[in-house]
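Worksheet for the structure shown next.
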Amino acid sequence: MDTTNDLNQATGHPESRIATRGKSSVDLVLHLLFLLAAACAIFPFYTVVISSFGTPTGHVLPTTFTLEGYKQIIQFGVGRAFTVSVLVTLVGTFMSLFLTTIAAYALSKKGMPGWKYIMGFIVFTMFFGGGLIPYYLTIKGIGMINSYWVMILPSAINTFYIWIMLSFFRDYPVSLEESAKIDGAGDFMILLRIVIPTSMPVIASISLFYAVDRWNDWYTPMLFLQDTAMYPLQLMLKNMLANIGQILSMNAGISSVAQSKINIPQDSLKMAAIMVASVPIMAVYPFLQKYFAKGVMIGSIKG
C-alpha cells in the first residue's frame, strides 16, 4: 500500500495531486482566517495610537501628527504618579510572587500537617468575602489609611494564582527532591536552588499576572489614599480624564478663545492617556513571552 502511494507521488498520479491541492487550499483558508483575526485584534490598538497623535476618531489613516496630548499629560504632573506605580508594581509583584511560591510549594506536599483545613480555608476565601465596609474598617484599624503599603499588603496573595502554581508543583518530579535530600539539602534550599530555577514558566506567568494587577489598580488607592501626591498613575489619569475640560481651559489660561487655539481634541488626550497607562506594562511582555505560552497551559494537560 505504501509502495502504491509512493508510486502515485513519483509519477504525478491525479489522486495525489488532488489531495495535495485540497490540503493547500485548507491551509490557505486557515492562514487567511488567522490573519483576519490578528487584524481584528490589532486594529483597535492601532486606532488608539493614531488618535493619540491627533488624528480624529473614525479615521483609518493618520491625518495629523501632534504631541500636544502627551504634553498636556506631562504638564498635569504624572511623573510622580508614574514613579509611584512603578515602585508599587515592582515591590508588590516581588512580595506577592515570594509569598505565593512558598505557599504553593508547601501546600503541594499533602503530608503537611493541617493540609485539608488550610486548603479548605483557601477555597472558602475564593467564593466568599467580607464586603467593602468590613474591609475598609479592617484597613483603617491596622493603620494603613493614606499609606503606600495599602496598595501592596492587602492584596499580597491571590488564592487563584496559588492554585495555578500548586498544580505545577504537584507534577514536579519527586526524584529530584529526594536526590537533593540525600545530598543533605533542606526544603528551603531545594526550593531555592532546584525548584525555582526549573519552574520559570509558571513563575513568569504568575509574575506577569501580579504585575498587571498592580499596575492597573486604581480602585484601592481611590478608597484609601487621601493625599493626591501619593496617587499612582492609573488614578491620576482617571482624575485627569474626569476633569479634562477644566484641565484644557486651565492650561489655556481659562479662556475659551485661548482653549480653541491650542486645538487639542479631547479624544486625542484620552487616547494619549491610554497609551501612557498601557505601554509600560506591555513592554514587559516580550521579556516573559518565551515562558508565558507554556505557563498558561499548566494544569490543562496531564501525563
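The values are calculated or read from the model by the stated rules, or taken from the named source; none is laboratory data. All of these numbers come straight from a predicted model, not from anything done at the bench. With ideal geometry, Cβ positions are generated from the backbone for all residues, glycine too; neighbour counts draw on all protein chains shown. For the accessible areas, the whole protein counts, side chains as well, though only heavy atoms, and no ligand, DNA or RNA atoms are used. Shrake-Rupley method; radii C 1.70, N 1.55, O 1.52, S 1.80 Å.
Of the numbered criteria (1) among the hydrophobic types (A, V, I, L, M, F, W, C); (2) at pLDDT 80 or above; (3) open to solvent by less than 90 Å² (accessible area, probe 1.4 Å); (4) out of contact with any Pro (no Cβ under 8 Å at 6 or more places or on another chain), the one LEU35 fails is (3).
Scan region 118-128 and give yes if some residue there is at pLDDT below 90 and closer than 28 Å to LEU237 by Cα, otherwise no. Looking through region 118-128, none of the residues is at pLDDT below 90 and closer than 28 Å to LEU237 by Cα. GLY77 falls short on exactly one of the conditions (1) in contact with a Ser or Thr (Cβ under 7 Å, 6 or more places away or on another chain); (2) on the phi > 0 side of the Ramachandran plot, and that condition is (1). Among the residues of region 151-184, those that are open to solvent by 30 Å² or more (accessible area, probe 1.4 Å) and outside any helix (DSSP H, G or I) comprise LEU153, PRO154, SER155, ILE157, ASN158, ASP171, PRO173, ASP183, GLY184. Residues considered: MET119, MET144. Of these, the only one that is touching a helix residue (DSSP H, G or I) at 6+ places or on another chain (Cβ under 9 Å), closer than 30 Å to ALA229 by Cα and surrounded by 11 or more Cβ atoms within 10 Å (Cβ to Cβ) is MET144. Looking at region 15-24, is at least one residue open to solvent by 50 Å² or more (accessible area, probe 1.4 Å), at pLDDT 90 or above and of a type in the set (S, T, N, Q)? No, region 15-24 contains no residue that is open to solvent by 50 Å² or more (accessible area, probe 1.4 Å), at pLDDT 90 or above and of a type in the set (S, T, N, Q).
Restricted to helices (runs of 4 or more DSSP H) entirely inside region 59-128, those with at least 3 residues that are under 22 Å from the mean Cα position of the chain (by Cα) are 79-107. Within region 38-59, the set of residues being touching a helix residue (DSSP H, G or I) at 6+ places or on another chain (Cβ under 8 Å) and either farther than 13 Å from ASP267 by Cα or open to solvent by 70 Å² or more (accessible area, probe 1.4 Å) (or both) comprises THR57, HIS59.
If the condition is being closer than 16 Å to MET112 by Cβ and without any contact (Cβ under 8 Å) to a residue 24 or more places away in the chain, then region 164-180 contributes VAL174, GLU177. Tallying residues that are surrounded by 21 or more Cβ atoms within 10 Å (Cβ to Cβ), within 21 Å of TYR161 (Cβ to Cβ) and either of a type outside the set (Gly, Ala, Ser) or touching a Cys at 6+ places or on another chain (Cβ under 6 Å) (or both) within region 210-231 yields 3. For region 201-213, the condition of being over 30 Å from VAL276 (Cα atoms), in a helix (DSSP H, G or I) and either out of contact with any helix residue (DSSP H, G or I) (no Cβ under 6 Å at 6 or more places or on another chain) or at pLDDT 90 or above (or both) holds for none of the residues.
A Cβ distance below 8 Å, combined with a sequence gap of six or more or placement on separate chains, defines the contacts here; from region 23-41, residues that are on the phi > 0 side of the Ramachandran plot and free of Cβ contacts under 8 Å to residues at least 40 places away in the same chain reach no residue that is polar (S, T, N, Q) and surrounded by 10 or more Cβ atoms within 10 Å (Cβ to Cβ). Just the residues that are over 23 Å from PHE94 (Cβ atoms) and among the acidic types (Asp, Glu), please, taken from region 181-200. Within region 181-200, ASP183 is the sole residue that qualifies.
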